[in-house]
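Read-outs throughout are calculated quantities, based only on the coordinates presented, and are distinct from any laboratory measurement. These figures come from a predicted structure and were not determined experimentally. Note that we place each Cβ from the backbone using ideal geometry, even for glycine, and neighbour counts take in every protein chain shown.
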């Protein structure tokens, strides 16, 4: 064990290695081996050996999403030798003092970042492009220290100073071919790509957040959002209770839970369950979090591909969030918001443990050092608050680098043990849908006739995966198709026109125009349909209602509304709405449910039902029952005939 650590510490940078402390374990894992770059997650070589992969943000293009292509490679350490060492032993062998860093400041100034926040709130959230978006900036510095001793010194500082991390790590992976006998050829396609970076990947960090883990068929995700910035004197009971009562912070968490439940529904055929909430306390800040759990039989690489990347570092809906990021971030992301993924042989297959690459410093050839940090921008955000949040999120790593003063050694106040904190956390679940909290079984009381088929049209919001999951619990055979791939809306018993971002009035947008055309085709055929959110708005437009922006976007808001005579708690994610007062006669005449502000909540007619809110959202306490009622209405002739 000491020989391996000694070899790493004495190396000249040509030896690949990774040092990992997982979940607060008393031991450090030490890994070395061969380095290989591959093109896609499916190419990660799982041949019986453990593999540690670093997936950059540009890998999200595998899902068809936008990303600046900076050439950052999908780099893998195929483990040839490993050991575990007690934490105290490792600390004794690492350099005591952090390698010197000359700070150069943020690449995007406070003023520039504040202006970006204003633009995103006004031009993106304010125009229906999504509920929340994460925009990053990076602190930049320089060091003259050699890479290996620098990484080891910063790793030691994080081990001693930072608390509550999911993983604390130091990783150094030279480009393939940089170390004789320690690399294997890259894939042919990767080797032919001139964009792929051929320099070493060197990083050190303490990330609080698991993205995805899979072991023995159990998949878990860990959405963390909402930030309590500890005051200079340390966290207080009053401070954490104020944080837990803050509407902006709680809505921020619920939004990312919704987004990750979309992913869980895509990975786990039986859906996911919500566990928590919990409070994660670190040295300079605390976060709220949930655990999501479900069962999957997917290859772990495919499970990871379907969940690239976490909404806590991108936004929602995920696809459009990537487009918004590309619009507003001046520099590519590199590995920020990607993952480290450890694949380990387990039984007949592999397990996966993949934390998100946040709270991480990256050391480039030549000594340039970057520490990216992002803030989650929602409708309640203030530019000043989000500027401060990026600084706080970077502060733990910057202290380990010696750029900021290291945390004073004081007795930590255990926030979870403070009176009222457990109750404040538990109270959050009063707003969650029991469908996603309890074990899920098909409810005979709400199940419809079996044998019916449903097509769910995805308008670039994967809430459709959750909708499809709930429809299956109603007894329907369901498939989901992206809007651009739909060839016919006349072949299924039910068509569900799904939600999506954008302005429902903008027929110059190809997606909106196609949605309107498909709705008209189904309507004119007189076949059952259900429309949700964006599709509800387009349907309302066809029925003669005026569509307009809301005075304040309802993004991640839970409201109790009337749905045709029954009160229902439903989650809303909309910037536009139909106004009840302005309907004009058209070929589609529908009955409307209208809220107290005069906005159309739901529509129905023979074989037709629609809803502005998201019945599938974790915020919709009455969502599943309301969905069953609307689907039954739309299918009434067919259900009665069976």
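Remarks
- With respect to the chain, whose longest principal axis is taken over its alpha-carbon atoms, helix 383-400 is tilted by about 30°.
- Put in line by how crowded their Cβ is, counting other Cβ atoms within 10 Å and starting with the fewest, 497, 599 read 599, 497.
- Per-residue Cβ neighbour rank within 10 angstrom, fewest leading, 247, 134, 403: 247, 403, 134
- Average Cα contact separation per residue, segment 1-152, under 8 Å, 6 or more apart, as relative contact order %: 25 percent
- FRET efficiency, residue 453 to residue 291 (Cβ-Cβ, R0 25 Å, nearest 0.05): 0.15
- Estimated inter-spin distance, residue 199 and residue 7, nm [label 7 Å along Cα→Cβ]: 2.8 nm
- Label point of residue 490 set 7 angstrom out along Cα-Cβ; within segment 521-549, amide nitrogens under 20 Å from it belong to 521-530.
- With the simple model of a label 7 Å out from the Cα in the direction of the Cβ, residue 416 to residue 344 spans 2.1 nm.
- Contour minus Cα-Cα distance for residue 524 and residue 562 (0.36 nm per residue): 10.8 nm
- Shown is the FRET efficiency for residue 69 and residue 508, computed with R0 = 35 Å from the Cβ-Cβ distance and rounded to the nearest 0.05: 0.80.
- Cα-based helix-to-principal-axis angle, 110-119 vs the chain, degrees rounded to 10: 20 degrees
- Among beta bridges identified by DSSP and lying wholly in segment 489-642, the antiparallel ones come to about 75 percent.
- The C-alpha atoms of the chain define a longest principal axis, and helix 318-328 lies at about 60 degrees to it.
- Full extension of the chain segment joining residue 111 with residue 47 gains 18.0 nm, where the gain is 0.36 nm per residue of separation less the Cα-Cα distance.
- Normalised contact order of the chain, rounded percent, pairs of Cα under 8 Å and 6 or more residues apart: 15 percent
- Residue order, fewest to most beta carbons within 10 Å, for 452, 220, 308: 220, 452, 308
- Segment 225-273 and segment 3-77 have Cα centres spaced 29 Å apart.
- Long-range tail of P(r) for the chain (Cα pairs > 48 Å, %): 16 percent
- Entry for segment 433-641 at q = 0.15, 0.16 Å⁻¹: log10 I(q)/I(0) = -0.88, -1.02, Debye formula applied to identical alpha-carbon scatterers, no solvent contribution.
- Extended-chain gain in nm, criterion 0.36 nm per residue less alpha-carbon gap, residue 546 and residue 142: 139.8 nm
- Label-to-label distance, residue 589 versus residue 426, with points set 7 angstrom from Cα along the beta-carbon direction: 5.4 nm.
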